[in-house]
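Student: Below is one structure. I have some questions about it.
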Amino acid sequence: MQFRKLGNTGKELSAIGLGCMGMSFAYGPADEQESINTLHKALDLGVNFWDTADMYANGENEKLISKVLVPNRDKIFIATKFGFRFKDGKASHSGAPGTYFDGSPEWVRQAVDASLQRLKVDEIDLYYAHRIDPNIPVEETVGAMVELVKAGKVKYIGLSEASASSIRKANAVHPITALQSEYSLLTRDVENEILPVIRELGITLVPYSPLARGLFSNINDVQNFGAEDFRKSLPRYQDEYLENNRKLAQEINDFAASKGVKGTQLALAWVLNQGEDIIPIPGTKRIKYLEENIAATDLKLSGEDLITIDSILKKYPHVGERYSEGSMKLVNN
Ligand SMILES: NC(=O)c1ccc[n+]([C@@H]2O[C@H](COP(=O)([O-])OP(=O)(O)OC[C@H]3O[C@@H](n4cnc5c(N)ncnc54)[C@H](OP(=O)(O)O)[C@@H]3O)[C@@H](O)[C@H]2O)c1
């Protein structure tokens, strides 16, 4: 396993983490035993940076992970997130009616205790604000998170999908260790403004959905997604974008095959290639995919490869927004 430095912490984590969301939520049915086996395999193979959130299946994902986390506490760096709430208490996704975001200090204090209980640990290694609450100054949310650090409930503080200006304001209150934002071949929003700011401040980028939610491997399967599959709500799997993205995926997969790898591996290698200060967290519930993703950390892309990838992306620019309209309002605040 290769390792990369985490922000200004002096810690080194595996060059890819493990996104655990799909083990309980969002991407179709999951098998609990298969997920647990995948967590054990991640541990054996040195993937020591695991990612969850309190909202994934309304806390069930944190409970699932705790089964492997607790007996192996010193070997895993655990990250979780807070802020999404459900009006009727029923688990849902970020853009669903009845889901709202709460970055208030009162909620920060309640949410952390609930996560600690579900994870069955004394301290969370990295605690992210899942979004920036547009109705609350970011300094207030982060101020409440600093109290958690002082109380020994949280070691490091992170933000997710924050704007460059919020990152600066937050970092002035307390050093921010990581920014978790979507970053992949199809989502490059962070490149212009945000990446330069976090590099200046020594904050690690943790790209989520680095495989574009599996689009390279599942776009031809969209008709088989179940009713609850979150991807059904995403523009990228709908209307004219679906056709564009099918062709894009096909060409990326063909190019990957010419190099003897899978499109998902090429996509992950591209993200890893963007800088040593980037630690992506590809998500999977399967050992086979986990192993393939780890193998992608050894895949070197040449200047020529990057040019070919860029030319494919330019050929199919109508990829569609990454979220529905409602969810887009909660990013880059
Ligand atoms: N901060 C945020 O707002 C936010 C938002 C979304 C996600 N996240 C975090 O980021 C993590 C990763 O993102 P993500 O899960 O949304 O998307 P992703 O990593 O881009 O893609 C996950 C999808 O790709 C499939 N996959 C993974 N490896 C594969 C392989 N080698 N070959 C073929 N298919 C493969 C998975 O299938 P299987 O499910 O069948 O294994 C799953 O459907 C999540 O688990 C979550 O922890 C954070």
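Student: Quick one: grab the alpha carbon gyration tensor of region 114-205, order the square roots of its eigenvalues as a ≥ b ≥ c, and give me rounded if a/c is under 1.5, else prolate or oblate depending on whether a/b is larger than b/c.
Tutor: On the way: a/c = 1.95, a/b = 1.55, b/c = 1.26.
Because a/c hits 1.5 or more and a/b exceeds b/c, region 114-205 counts as prolate.
Student: Please report, for the Cα atoms of region 7-130, the Rg to one decimal and the Dmax as a whole number; what are they, in angstrom?
Tutor: 14.4, 42
Student: In addition: How much accessible area does S302 have with a 1.4 Å probe, in Å² rounded to the nearest 10?
Tutor: Roughly 50 Å² of S302 is accessible to a 1.4 Å probe.
Student: Next up: Working from Cα positions, state the angle (0 to 90°, nearest 10) between the long axis of helix 164-173 and the longest principal axis of the chain.
Tutor: Helix 164-173 and the main axis of the chain meet at about 30 degrees.
Student: Accessible surface of K87 in the full protein assembly, 1.4 angstrom probe, to the nearest 10 Å²?
Tutor: 150
Student: When the distances between all Cα atoms of region 63-161 are binned every 5 Å from zero, what whole-number percent does each bin get?
Tutor: Each 5 Å bin holds this share of Cα pairs: 2, 13, 24, 23, 19, 13, 5, 1.
Student: Please work out the C-alpha center-to-center distance from region 141-191 to region 261-277 and express it in whole Å.
Tutor: One Cα centre to the other: 23 Å.
Student: Principal axis lengths of region 107-150 from Cα atoms, whole Å, largest first?
Tutor: Result for region 107-150: principal-axis Cα extents of 31, 19, 16 Å.
Student: For E60, what accessible area in Å² do you get when you roll a 1.4 Å probe over the heavy atoms of the protein chains, rounding to the nearest 10?
Tutor: 90
Student: Taking only the alpha carbons of region 263-333, what extent do you get along each of the three principal axes, in Å, biggest first?
Tutor: 38, 32, 24
Student: Oh, and also: Just how far, in whole angstrom, is region 105-131 from region 1-51 if you go by their alpha carbon centroids?
Tutor: Their Cα centres are 19 Å away from one another.
Student: Give, in nm to one decimal, the length gained when the segment between D310 and K67 is fully stretched (0.36 nm per residue of separation minus the Cα-Cα distance).
Tutor: Values: separation 243, 0.36 × 243 = 87.48 nm, distance 4.19 nm.
Extra length from D310 to K67 when fully extended: 83.3 nm.
Student: Right, another one. In degrees, nearest 10, range 0 to 90: what is the angle between the Cα axis of helix 303-315 and the longest Cα principal axis of the chain?
Tutor: 90
Student: Right, here's the next one. Taking 2.2 N^0.38 Å as the expected size of a compact globular protein, what ratio does the Cα radius of gyration of the chain give against it, to two decimals?
Tutor: 0.93
Student: Just tell me which aspartates and glutamates come within less than 19 Å, Cα to Cα, of K155; anything on the same chain fewer than 8 places away is out.
Tutor: In chain and number order, the partners are E12, D51, D54, E62, D74, D113, D122, E123, D125, E139, E140, E147.
Student: Would you calculate the separation in nanometres between label points at K329 and S165, each defined as 7 Å from the Cα along the Cα-to-beta-carbon direction?
Tutor: According to this spin-label approximation, the distance is 1.9 nm.
Student: Computed from the mean reciprocal separation of all distinct C-alpha pairs, what Kirkwood hydrodynamic radius does region 161-320 have, in Å? Could the numbers behind the result be given before it?
Tutor: Details: mean 1/r = 0.0600 Å⁻¹.
Its Kirkwood hydrodynamic radius stands at 16.7 Å.
Student: If you roll a 1.4 angstrom probe over the protein chains with everything in place, what fraction of the accessible area of the chain belongs to carbon and sulfur, to the nearest %? Working shown, then result.
Tutor: Numbers: 6700 of 13840 Å².
Solvent-exposed carbon and sulfur of the chain make up 48 percent of the total.
Student: What's log10 of I(q)/I(0) for region 14-76 at q = 0.19, 0.27 Å⁻¹, Debye sum over Cα points only, no solvent?
Tutor: Each listed q corresponds, in turn, to -0.65, -1.27.
Student: Probe radius 1.4 Å, ligands and nucleic acids left out: which of Y241, Y208 has the largest accessible area, and how do the rest follow?
Tutor: Sorted descending by solvent-accessible area, the residues read Y241, Y208.
Student: Okay, moving on. Using a Gaussian network model on the chain with a 10 Å cutoff between Cα atoms, which of F82, F49, F101 fluctuates the most?
Tutor: It is F101.
Student: Lys/Arg Cβ at +1, Asp/Glu Cβ at -1, dipole of the chain taken about the Cα centre: which of A129, L119, P235 is farthest positive-ward?
Tutor: Most positive-ward Cα: L119.
Student: Mean separation of Cα pairs under 8 Å and 6+ residues apart, divided by the residue count of region 178-317: what relative contact order is that in percent?
Tutor: Working: 168 pairs, mean separation 38.8, N = 140.
Value for region 178-317: 28 percent.
Student: At a threshold of 8 angstrom on Cα-Cα distance, excluding pairs fewer than six apart, so keeping six or more, what relative contact order does the chain reach in percent?
Tutor: Details: 627 pairs, mean separation 67.6, N = 333.
For the chain, the relative contact order is 20 percent.
The values are calculated or read from the model by the stated rules, or taken from the named source; none is laboratory data. Owing to the predicted nature of the structure, the values given are computational and were not obtained by experimental measurement. Counting neighbours? That spans all protein chains shown, and the Cβs are built from the backbone with ideal geometry, glycine included. Note: areas computed on protein heavy atoms with side chains; ligands, DNA, RNA excluded. Shrake-Rupley method; radii C 1.70, N 1.55, O 1.52, S 1.80 Å.
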